[in-house]
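This report concerns only the one structure given below.
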Amino acid sequence: MSRRALIVIDVQNEYVTGNLPIEYPDVNVSLANVGRAIDAANRHGVPVVVVQNVAPAASPLFARGSDGAALHEVVATRPRAHLIEKSMPSAFAGTDLAAWLAQHDIDTIVIAGYMTHNCDDSTVKHAVHAGLSVEFLADATGAVPYENRAGRASAEEIHRVFTVVMQSRFAAVLTTDEWLAALDTGAPPARDTIYASNQKARSARAVG
């Protein structure tokens, strides 16, 4: 049996009522699923680690002491085993997360929170490089749209592409319902490989 910890990343007001609103999946859906995941983790004895991103007071996002930087009530009002403050994308960078996981014999982390393509993705990659197994709750996470000199992408495009890539190598991507079922049954989540993912895409293209 895997020894899991649920890592709830940056579920803060900035992403809901602040300057960086999550657009896909709908933030009300993802927030509800974050709450469900925390509640299930607590019922099953899975420790919950809450991560909070904080920036300097003059920052337009997550300024220390601002309402935007505060944990959203969905997280703030629920029990947790550990609280981490960070300033870099990965929840491992400059924090005690790795040491805490090792101390509690955790071999699998479960990611919920924001954003899919930034802090979530960075934490997932960091965990895999450290030898941990990862599960990613696709409907308890979310993305925002971007436009810059490299191009434009909607929140839905970003979220979809990042989750497909995660499933190919870095994480088992599940819905919250699927994860809750896995907690109840003990069944391991389905995982894929780069080779299998590519072969399936090429086969589908050839048939089409």
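No value in this document is a laboratory result; all are computed from the given coordinates. Fair warning: this is a prediction, and the values are worked out from it, not measured in the lab. Cβ sites come from the backbone with ideal geometry, for glycine too, and all protein chains shown count toward neighbours.
Here are the numbers for the structure shown:
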item: Among the candidates A112, A190, residue that is surrounded by 14 or more Cβ atoms within 10 Å (Cβ to Cβ), under 25 Å from G35 (Cα atoms) and small (G, A, S); result: A112
item: Matching residues, the range 28-45, being under 20 Å from A91 (Cβ atoms) and either under 16 Å from the mean Cα position of the chain (by Cα) or among the acidic types (D, E) (or both); result: S30, L31, N33, V34, G35, A37, I38, A41
item: Residue in the range 12-20 that is within 26 Å of D96 (Cβ to Cβ), assigned to a helix (DSSP H, G or I) and not polar (S, T, N, Q) present; result: yes
item: Subset tally (residues that are farther than 25 Å from E73 by Cα and in a strand (DSSP E or B)) for the range 113-136; result: 2
item: Some residue of the range 43-62 being assigned to a loop (DSSP other than H, G, I, E, B), over 14 Å from A138 (Cα atoms), in contact (Cβ under 8 Å) with a residue 12 or more places away in the chain and small (G, A, S); result: no
item: Any hit, the range 29-42, residues being closer than 19 Å to E178 by Cα, crowded, with 16+ Cβ neighbours inside 10 Å, in contact with a His (Cβ under 8 Å, 6 or more places away or on another chain) and not hydroxyl-bearing (S, T, Y); result: yes
item: Residue list for the range 119-146, restricted to those being surrounded by fewer than 24 Cβ atoms within 10 Å (Cβ to Cβ), of a type in the set (G, A, S) and more than 17 Å from K86 (Cβ to Cβ); result: G131, S133
item: Close pairs (9 angstrom Cβ cut-off, 6 or more residues apart or separate chains): hydroxyl-bearing (S, T, Y) in the range 144-157, assigned to a helix (DSSP H, G or I) and surrounded by 13 or more Cβ atoms within 10 Å (Cβ to Cβ) anywhere; result: Y146/H117; Y146/A155; Y146/I158
item: Single match in D39, D26, D10 (criterion: within 20 Å of T123 (Cβ to Cβ) and not aromatic (F, W, Y)); result: D10
item: Complete set of residues in the range 73-87 that are surrounded by fewer than 22 Cβ atoms within 10 Å (Cβ to Cβ) and in contact (Cβ under 8 Å) with a residue 12 or more places away in the chain; result: V74, R78, P79, R80, A81, H82, L83, I84, E85, K86, S87
